[in-house]
Amino acid sequence: MKSTVSFSNTPTIKLPEIPLPKFSGRYEEWSNFKLQFNNLITSNSQLSQEQKLHYLNSSLTGLAKDLKSIDDTFDSLFKALTDSKLDKQSRQYYESSLSSNEVPKLDDLISFLEKRAQILENINKNAAVRPKPFLDRYGKPKTFFVKPNKVERPCAMCKWNHPIFKCEAFMKLIVDQRNQFAIRNKLCLNCLCDQHFIKFCNSKSACKECGCRHNTLLHRNGNTVHRNLPNAVSVEKAASSQELNPNAGEFRSNVPPQDNIGHSFSCIDKTNKCTVLPTIKVWVLNHFNGSFLQARGILDSGSGQDLMTADFANRLGLPQEKTNFAVSGLGGNETKVKSRLRATIQNESGSYRTSLDFLVVPKITDFLPIVTYNLENATIPDNLADPQFATPGKIDILIGAQSFFDIIKNDQIRSPNSGLVFRNTVFGYVASGAVNSTTPVQYCGFISQVQSIDDCLRKFWEVETVNEPAKMLSEEEEFCEYHYKTTHKRDETGRYIVQMPVKDIEKLGKSKTMAIKRLDQLWKRLSRDEAMKNLYQDFMQEYLDLDHMEKVNDVKLASPLCYYLPHHGVFRPEKTTAKLRVVFNASSPTTFGSRLNDHLLKGLVKEDIFEIMTRFRKHKFAFTTDIQKMYRQIIIDPAQRDLLRINWKDREDADPTEFRLKTVTYGTVSAPFLAIRTLKQLALDESSRFPLASDVTQQDAYMDDIVSGASDLHTAKKLQSQLHSMIKAGGMTLHKWSSNSKKLWNSCASNDQEHQFFSTTEPSVRT
């Protein structure tokens, strides 16, 4: 029997193999990875579960490889991979829907996700809030996976498995010791957790004693901000008070009338008639992504305040300003208002937009309307401000009398068969009037802002006060201060040697190639501008002559942690002083995508220019001076100089030469802190020899400028002399002296003088 062999004329083409998609755990990779993996592996019926598991394991990289699951099967691993992308509430609903301890099928999970997504879409149809990324303690986004087993973290005090606020040893400490322990162990000062700092704490709780953002266990008596003012409402009473618009028969109050009250009043008396209140749909700017969220609002011409519910305010993500006054209802019943915010609202077309100040309250009113209206015989216009005005719904904002008459327009439409009147507004037609109702309801509300004479006096003194109480340092600021105190030193000449505060520096990456490319681009520009090239070469030569940088002799023996700073020039030939300013760029990305500035800590730079200038105006004999090249007079520790490498060449066709910058460098985020903190340290170290100069340097220095003076010429000259000697002791030089006194101005060297601002008459104090 012959076998038949058929031949095809179609040429055979060998296509390249399709590589498996990779997933490292990053959120933005998930959708593309899931689609490709399902098409190539999951839907392939010829593969066994063991083969699919093998392919899935080989596709995971980075943090995704650390994912743990209950079983080493394909379904359980893919389920755990998908579960890690669920939010906490959806994860709870999914786990509660499981009927057994067996690993659920992937199809069941996908079915649940589709139903869950449909429910969330219907509930938050108009919401466009971008979820907050998870942050580490320095504000850097990170990806993580939720593991099925919860690990109880030991107490930071006694190492037993319980929260620290339940620890007997911690509770026995006095308040100051608790604060010191929390700071020393880098605990969050709000929730006492050791996984983040207070700046990134998601807890909405605050101190129950003063309302500030710290844990109640860390509250000091001096932190209390509430005062026992006459006729003021206590926090405890405000917390237990009723809603802003409760049923009129439930109002209770023992607070006497106040003289200074802003009122808001609205009253509805319903028997068989139901009064329709004008509701609108408003678009409010969303702080997260710049889009607009839709809110349901009510127009109230009898309200002196604009209100917003706390729930809607949290969805906006707008910064809220702390406030402290009472909102009073009919009969004097009060609710404490603790915050306010400024928000931008507009209509759907964007033709009307305005910004309003809203008081943030827990609740404005119940659902409006109270009952569903019967609109069978009503004549309704097409362009409604609130298409669901007849259906009970939640009220998010209340717009008061301030903007009411700007919103209302002239024309109106009456519906003869229903008793409704539709008034035109910038948002469309709003409904008002009265309709028949089978549910008689009596409802009355009254809102007022109570402000006692004590509050007015307190605000007056707060406005007039120059000095503010010192704020607590954040964890990062506390670390930078500790790091400086423990690492700074002085050399034999008196100059200060400091270290830059760093974090995760081992993850920096390589940057040399990018720096060389930037140098070549720089020389293309310099070759076209002879004046700029000469100034740039002079600047680099001066840097080398002043010993502010050093040549790297053996490039091969470089430290594994090196960062090469690209640099460029800002050339302004029209300027009479410094025509060229060279900028070192510490924000240039490395091969890992990070930057040197990402790994440096800023520290606290606190200088109040208002206080400095206020004191400066009091001096009869005033002067100003400047610290010459202040940053470059402070030396960087040799162990960190490889983080400040640069490339330079004298000619366009020459090979680049590597240098290390030896001083604090402008362009690094830690430079302002190191410079200002070093100046303060110099004042502290030399306070015994130069007491006048020490006090002035700590109070009247702004960056590298000193702005001060004295009430008499003798003291001013003595202060001038001490400043010159003290700054010189730190290896720095003062120049550009200016004064309103000719005698004081002439007392400094002529080459250090800049300009005079004195008149021909004797100096006098002006108010």
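The values are calculated or read from the model by the stated rules, or taken from the named source; none is laboratory data. This structure is a prediction, so every number in the text was calculated from the model and none was measured. Cβ sites come from the backbone with ideal geometry, for glycine too, and all protein chains shown count toward neighbours. Calculation scope for accessible area: heavy atoms of the full protein, side chains included, ligands and nucleic acids excluded. Shrake-Rupley method; radii C 1.70, N 1.55, O 1.52, S 1.80 Å.
A few points about this structure:
- Overall, the accessible surface of the range 477-755 at a probe of 1.4 angstrom is composed of carbon and sulfur to the extent of 50 percent.
- Model label points for residue 406 and residue 457, set 7 angstrom from Cα along the Cα-to-Cβ axis, are 3.6 nm apart.
- Dividing the Cα radius of gyration of the range 288-408 by 2.2 N^0.38 Å, with N the residue count, gives 1.15.
- Length added when fully stretched, residue 342-residue 544, from 0.36 nm per residue minus Cα-Cα: 67.4 nm
- Heavy-atom SASA rank of 540, 703 (probe 1.4 Å, accessible area, largest first): 703, 540
- Extension gain for residue 705 to residue 591 (0.36 nm times residue separation, less C-alpha to C-alpha distance): 37.1 nm.
- Size of electric dipole in the range 320-426: Cβ of Lys, Arg +1 and of Asp, Glu -1, about Cα centre, debye, nearest 20: 400 debye
- Legend: calculated FRET efficiency, residue 311 to residue 506, from the Cβ-Cβ distance at R0 = 41 Å, rounded to 0.05, equals 0.40.
- Nitroxide proxy distance, nm - points 7 Å out along Cα→Cβ at residue 24 and residue 352: 5.1 nm
- One decimal place: the segment residue 322-residue 93 gains 78.8 nm when fully extended, by the rule 0.36 nm per residue minus the C-alpha distance.
- Here the Karplus relation 6.51 cos²θ - 1.76 cosθ + 1.60, evaluated at θ = phi - 60°, turns the backbone of the range 678-687 into coupling constants of 5, 5, 5, 5, 4, 5, 5, 5, 9, 5 Hz, with x for every Gly and Pro.
- Principal axis dimensions, the range 164-218 - Cα atoms, whole angstrom, descending: 27, 24, 18
- 10 Å binning of all Cα-Cα separations within the range 509-552, expressed as whole percents from 0 upward: 25, 39, 34, 2
- Translational diffusion of the range 477-755, µm² s⁻¹ [Kirkwood Rh, Cα pairs; Stokes-Einstein; 37 °C; 0.692 mPa s]: 160 µm²/s
- Calculated FRET efficiency, residue 608 to residue 113, Cβ-Cβ distance, R0 = 60 Å: about 0.65 to the nearest 0.05.
- Inter-label distance, nm, simple model (7 Å from Cα along the C-beta direction), residue 725/residue 527: 5.7 nm
- The calculated FRET efficiency for residue 651 paired with residue 735, based on their beta-carbon distance and R0 = 30 Å, is about 0.30.
- Heavy-atom surface of the range 164-218, accessible at 1.4 Å and reported per residue (Å²): 57 Å²
- Amide H within-cut-off set for residue 490, under 5 Å, with H built and near neighbours excluded: 497
- With all protein chains in place and ligands, DNA and RNA left out, the 1.4 Å accessible area ranks 386, 653 as 653, 386, largest first.
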